[in-house]
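Take a look at the structure set out below.
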Amino acid sequence: MTSAAEVRTIFGIVDPQGKIVSGTGFRTDKVDKGLYTILFLDVFNVVPTVVATQIFPNDINSHGGNTNDNAVIVGITNDRVRIKVGDGGGSAA
């Protein structure tokens with residue numbers, strides 16, 4: 001019989017320099033332009049599900065930015081996730 005996976009939520013906001021703006025339970029490493037590793041302070045028992053998106057332009061009254069601006073999850077392990085963000089032309093941002 002298999003056991004149920006641990007349910008835990010970690011959330012936060014990271015700025016373009018890799019600094020944590022909000023959230024706890026993780027630390028960040030800016031690997032390169034637009035490339036970040038998020039390290040979970042407490043390792044998960046199984047590989048977790050990760051959801052990521054960009055906030056742009058961070059103005060609630062705006063009609064929004066370019067929908068091509070996005071975040072891509074490069075890979076996930078029990079202790080980290082690597083995320084790449086890009087601009088509207090597909091270049092690392």
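The values are calculated or read from the model by the stated rules, or taken from the named source; none is laboratory data. None of the values given here were measured: they were computed from a predicted structure. Here the Cβ positions follow ideal geometry from the backbone for every residue, glycine too, while neighbour counts run over all protein chains shown. With ligands, DNA and RNA removed, areas are computed over all heavy atoms of the protein, side chains included. Shrake-Rupley method; radii C 1.70, N 1.55, O 1.52, S 1.80 Å.
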Task: Yes/no for residue 60 being hydrophobic (A, V, I, L, M, F, W, C), surrounded by 10 or more Cβ atoms within 10 Å (Cβ to Cβ) and on the phi < 0 side of the Ramachandran plot - done: no
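Conditions tested, residue by residue: (1) assigned to a loop (DSSP other than H, G, I, E, B); (2) among the polar types (S, T, N, Q).
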residue	(1), (2)
10	yes, no
42	yes, no
51	yes, no
56	yes, no
59	yes, no
78	yes, yes
83	no, no
Open item on the list: Of all residues being more than 11 Å from the chain's Cα centre (by Cα) and among the β-branched types (Val, Ile, Thr) in region 56-75, which is farthest from residue 9 (Cα to Cα)? Just the residue, please.
Closed with: 67
- [ ] Determine, yes or no, whether residue 53 is modelled with pLDDT under 95, under 15 Å from the mean Cα position of the chain (by Cα) and of a type in the set (S, T, N, Q).
- [x] yes
- [ ] Test residue 20 against the criterion of being under 12 Å from the mean Cα position of the chain (by Cα) and open to solvent by 90 Å² or more (accessible area, probe 1.4 Å), and give yes or no.
- [x] no
- [ ] Output the residue which, of all residues in region 63-76 that are open to solvent by less than 50 Å² (accessible area, probe 1.4 Å) and not in a loop (DSSP other than H, G, I, E, B), is nearest to residue 20 (Cα to Cα).
- [x] 71
TODO: Would you confirm whether any residue within region 34-41 is open to solvent by 90 Å² or more (accessible area, probe 1.4 Å) and more than 16 Å from residue 92 (Cβ to Cβ)?
DONE: yes
